[in-house]
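One structure is given below, encoded as structure tokens.
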Amino acid sequence: MGLPMLRALRDAGFDATGLDVRPASDFGKDQTALEFDSRIFARPLNILFSVVRDIGQTEALLFDDQAIVLNAPQLTHIVICSTVSPKYILLLKLRLPGHITLIDAPMSGAAIAAQEKRLSFMLGGNDADLAAVLPMINAMAAHIHHMGALGTGMAAKVLNNLVAASSTATTRLALDWAAEFGLEQEKMLALMHVSSGQTWFGSGFESIEFSRDGFAANNTIAILKKDVESALDAAPNGADTALPRALINAIIALRQID
């Protein structure tokens, strides 16, 4: 997600540089837009968009391995685009120096939407805090939803992804059963697209890069599991969590479609 977002910012004229822990050779012609030394990256940094995988990588980026918070003296804004627990966002704010503004801005749409500059962002923060980063978000987005105060963007995202994970698991189950009934996958998807079974996942099945993947610890299906776990972490006191817990098991059970 991060690389096409970086391209979108640079296409819009922003002086944006990426940071990655992988070797430069992994990025081909894009490597000139990236820095691979976190200390060099941090020195002139004003606004950081974090597009890492999870809380562990967020901690590494901000405080541990890359230690951007320590090494970026001019840093004024951190924008968390990863999907993590809303509780983590609120606790993270308390750990940052007072001169750094934290904004939660998770996005939806998968890599294809990032490539086409039509991501949907869910923002948490007050209007004054958001003003500095909205021009950059506009360069990457087709839809922007300001959900409220800090943490509400992330709360909206984990709930959105709870539904998305449900439709992913159910659509894959329906396609498996359709094959057993002798139904062609293309015909089943076309039917669902124009009927009550319509979902983002089913309608985008041919363009979503992970649509045929099975569960693996380092792939996007595992990110869906992580996102459901983030929703569970933020579940209201006394909430019935049986359905999302069953959904996690269904995601883990997904197998590759050849």
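The values are calculated or read from the model by the stated rules, or taken from the named source; none is laboratory data. Bear in mind that the values here come from a model prediction, so they are computed numbers and not experimental data. As a convention, Cβ positions derive from the backbone with ideal geometry for all residues, glycine included, and neighbour counts pool all protein chains shown.
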Open item on the list: Of the residues Leu92, Leu102, only one is buried (at least 18 other Cβ atoms within 10 Å of the Cβ), part of a helix (DSSP H, G or I) and not assigned by TED's automatic domain parsing to the domain that holds Ala235; which?
Closed with: Leu92
Open item on the list: Please verify whether Ala72 is crowded, with 17+ Cβ neighbours inside 10 Å and small (Gly, Ala, Ser), treating the condition exactly as stated.
Closed with: yes
Task: Subset tally (residues that are under 19 Å from Gly214 (Cα atoms), β-branched (Val, Ile, Thr) and either loosely packed, with under 12 Cβ neighbours inside 10 Å or without any contact (Cβ under 8 Å) to a residue 40 or more places away in the chain (or both)) for the range 232-251 - done: 1
- [ ] Output the number of the condition that His143 fails; it satisfies all remaining conditions of (1) surrounded by 15 or more Cβ atoms within 10 Å (Cβ to Cβ); (2) within 29 Å of Pro236 (Cβ to Cβ); (3) touching a Ser or Thr at 6+ places or on another chain (Cβ under 9 Å).
- [x] (1)
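Yes/no per residue for (1) more than 25 Å from Thr220 (Cα to Cα); (2) within 15 Å of the chain's Cα centre (by Cα); (3) at pLDDT 95 or above:
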position	(1), (2), (3)
Gly2	no, yes, no
Gly18	no, no, yes
Ile68	yes, no, yes
Pro73	yes, no, yes
- [ ] Any chance you could count how many residues in the range 1-60 are in contact with a helix residue (DSSP H, G or I) (Cβ under 9 Å, 6 or more places away or on another chain), of a type in the set (A, V, I, L, M, F, W, C) and assigned to a helix (DSSP H, G or I)?
- [x] 11
Task: Cβ pairs under 6 Å, 6+ apart, first in the range 37-48 and in the same structural domain as Asp15 (by TED's automatic domain parsing) and surrounded by 12 or more Cβ atoms within 10 Å (Cβ to Cβ), second at pLDDT 95 or above and in a loop (DSSP other than H, G, I, E, B) - done: Ser38/Gln66; Ala42/Ala72; Leu45/Ala72; Leu45/Leu75
TODO: Identify the single condition in (1) of a type outside the set (A, V, I, L, M, F, W, C); (2) part of a loop (DSSP other than H, G, I, E, B); (3) touching an Asp or Glu at 6+ places or on another chain (Cβ under 6 Å) that Gly214 does not satisfy, given that it satisfies every other one.
DONE: (3)
Open item on the list: Report every pair of residues separated by at least 6 positions or lying on different chains whose Cβ atoms are under 8 Å apart, first residue within the range 53-82 and within 29 Å of Leu224 (Cβ to Cβ) and free of Cβ contacts under 8 Å to residues at least 60 places away in the same chain, second among the small types (Gly, Ala, Ser) and in a strand (DSSP E or B).
Closed with: Thr58/Ser50; Leu61/Ser50; Leu62/Ser50; Ile78/Ser50; Val79/Ser50; Ser82/Ser50
Open item on the list: Could you go through the range 113-127 and let me know if any residue there is farther than 20 Å from Arg10 by Cα, surrounded by 15 or more Cβ atoms within 10 Å (Cβ to Cβ), at pLDDT 95 or above and polar (S, T, N, Q).
Closed with: no
- [ ] May I ask you to verify whether Asp233 is at pLDDT below 95 and more than 24 Å from Cys81 (Cβ to Cβ)?
- [x] no
